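Below you'll find the structure, written out as structure tokens, and then a few comments.
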Amino acid sequence: MNTTLHDRQVDDDTKPGDIAPAGASPSVPGRFVGGGRLGWTVAAVVAAVLVAVPVLMLAASILNPSGDVWAQQWRTGLPGELRDTALLLVGVAVGTVVLGSGLAWLVSAYQFPGSRQFGWMLILPLAVPSYILGFLTLSTVGQTGPVQDWWRDRFGQDAWFPSVESLGGAIVTFTLVMYPYVYLLARAALRDQASGAYQAARTLGATRAEASRRIVLPLVRPAVAAGAAIVIMETLTDFATVTYFGVDTVSVGVFQIWRGTYDRDAASEIATLVLAFALLAIGLERVARGRARFSQSTSAGAGIEPIRLRGARAALATGTCVALLLAAFVGPVVRLVLWAVQEQRSDRGTPQTDQFGGYLANSLQLVAFTVVVCITVAVVLSNAQRFGRPRVTRLATRVTAMGYAVPGPVVAIGVILAVVGFDQLLGRIGLELPGAVRTGSLLILVYAYAVRFLAPGLTAVESGIGQISDEVTASARTLGANTFETARRVHLPLTRSSLLAATVLVGVDALKELPIVLLLRPFGFDTLPVWVYNLASESRFQQAALPALSIILVALLPVAVLARRLDRPER
């Protein structure tokens, strides 16, 4: 039987304070069938459970450890993996903090030729994945690269040159591609939080050095600590780059165990060490932040009054920024372009183009499914916070965002445990999962990607729906729309920009992802990052140029948006 909006009966489980439509029962004002709190709350809880289960199952695996597994791993290299992981994380964290915060202060506190342009250009290395810069570094300054060839021709065949395939080389590579995380947060803090307090201190008679030391540094510390924590998480996730440089980390150990023996129990127990490093990084970030909290000023500040550099100091500042961009972005991109052109002109050009189409199709298919799942869940969660039970939905939202803080190998092994556990549960009632699902499929891969990349999409969608006033929502409810119709016909059209931003953020992260797809991909299903990794591992650097360049070009999309915002003059 057809009914109109105004003919609907009322449901006792919607949000208090909703305005009842005409014809609603006065005894239960403002409550609508099919659009109540319960449905939104249940949906939010289900999403949280699906995200949390892989991580919780992995954490639970350590409750019943296998002594044989740990003894074998300890004999075959675990102490070295723990040492190298710790040294790598400390080195990259220190390097990115020094470089990122130093550059943020340089472009904020000083004027020199190109300072405004460098303000946004310094984030460009963020578009270059570490596993791409890693093989470019080796091919350029490695033992067989042109730099060392020139060095030996100039100073003799036995001339000393720093070892590139080492822990130090890996630290430098990670620092070059990840310092923008610290730079972005530190510069935002200098611009939005520290500028007003700095100006007040200067007005009260503090010298520039005193204001910087006693005011700026404490206010910027939380941002720097947060940036360092992000850097550590990203470094933990990687195992391709460290493999290039011959560094054995715990993440490399997890990959080698799974791909070498497919020992699920051993891989899951060792993966808990990666999770432990991640939790330690979060704890250290809290300690480094101390009691400091971010606090947005009520009005845009004028920014820290910059000092104009002249002469040698100005040349040094400009030269530093130019050299960094050449090493971390311009040089690598130019070399990839030259290689790609040479490869297309060679006899291998046509076969590679054919392969590129297949790998690109696989990548786009995976990205599309991931975006659809993440954006759908993000829309549900964001609306659930408005229409569901606030405490439950807020907690569920926080839980679903934790996947982004968990390293990729941990998510991958956790998903394997979750699928196996679900299959065993079905087996007890006489059912079973299809074999393709158990052993690896696109469905499982998308599930792992959604767990890992839901948070960026959720943040963007939450921001958009948060800008819709309660009055707009109430108006739709007054006209008889239930909560589902309000979300579909009012909230979604008003958040198109946020949905587009969420699509870009999730899509770019999914396209660049390597560890999860290497661990979980179905047989014969290779993406652009996997292709790059395989070619680089075989030192076929020139053939890896085209897919690597494609990944960088796509990754430039969100970086360009950030650059545009940073280029706006401070007011």
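Couple of notes before you dig in:
- Charge tally around Arg521: other residues with Cβ under 13 Å, Lys/Arg +1 each, Asp/Glu -1 each, net -1.
- Surface accessible to a 1.4 Å probe, Glu165 within the full protein complex, Å²: 110 Å²
- Summarising the amide proton neighbourhood of Tyr110: residues at separation of 5 or more, or on other chains, whose placed amide H is nearer than 5 Å comprise Ile307.
- FRET efficiency for Asp265 and Trp151, using Cβ-Cβ distance with R0 set to 60 Å, rounded to 0.05: 0.80
- Summed side-chain charge close to Ser130 - residues other than Ser130 whose Cβ falls under 11 Å, Lys, Arg +1, Asp, Glu -1: -1
- Here the alpha carbons of region 115-170 define both size measures, Rg and Dmax, at 15.0, 45 Å.
- Relative to its Kirkwood radius, the Cα radius of gyration of region 60-160 gives an Rg/Rh of 1.16.
- Solvent-accessible ranking of Thr175, Thr243, Thr459, largest area first, probe 1.4 Å: Thr459, Thr243, Thr175
- Length released on extending from Ala474 to Arg394, taking residue separation times 0.36 nm less the Cα-Cα span: 26.7 nm
- Solvent exposure ordering (accessible area, 1.4 Å, most first) of Ser268, Ser166: Ser166, Ser268
- The length gained by stretching the chain between Thr318 and Gln344 to full extension, at 0.36 nm per residue less their Cα-Cα distance, is 5.7 nm.
- Averaging 1/r across all pairs of distinct Cα atoms in region 437-571 and inverting the result yields a Kirkwood radius of 17.9 Å.
- Value in Å of the Kirkwood radius, where region 362-506 supplies the Cα pairs that are averaged: 16.8 Å
- Virtual spin-label span in nm between Val330 and Phe422, 7 Å along Cα→Cβ: 5.0 nm
- Order by protection proxy (mean Cβ within 10 Å, highest first), peptides 137-148, 366-377: 366-377, 137-148
- Accessible-area ranking of Leu273, Leu336, largest first, probe 1.4 Å: Leu273, Leu336
- Surface accessible to a 1.4 Å probe, Ser539 within the full protein complex, Å²: 80 Å²
- Backbone geometry of region 218-226 corresponds, through the Karplus equation with coefficients 6.51, -1.76 and 1.60 at θ = phi - 60°, to 3J(HN,Hα) couplings of x, 6, 7, 3, x, 5, 5, 5, 5 Hz, x marking Gly and Pro.
- Ser475 contributes about 70 Å² of solvent-accessible surface, heavy atoms of the protein only, 1.4 Å probe.
- Estimated FRET transfer efficiency when R0 is 51 angstrom, pair Ile429-Arg308 (beta carbons, to 0.05): 0.10
- Residue-count net charge about Ala401 - beta-carbon cut-off 13 Å; Lys, Arg +1, Asp, Glu -1: +2
The values are calculated or read from the model by the stated rules, or taken from the named source; none is laboratory data. Everything numeric here is computed off the predicted structure, so don't read it as measured data. Note: ideal-geometry Cβ built from the backbone for every residue, glycine included; neighbour counts use all protein chains shown. The accessibility values were calculated without ligands, DNA or RNA, using every heavy atom of the protein model including side chains. Shrake-Rupley method; radii C 1.70, N 1.55, O 1.52, S 1.80 Å.
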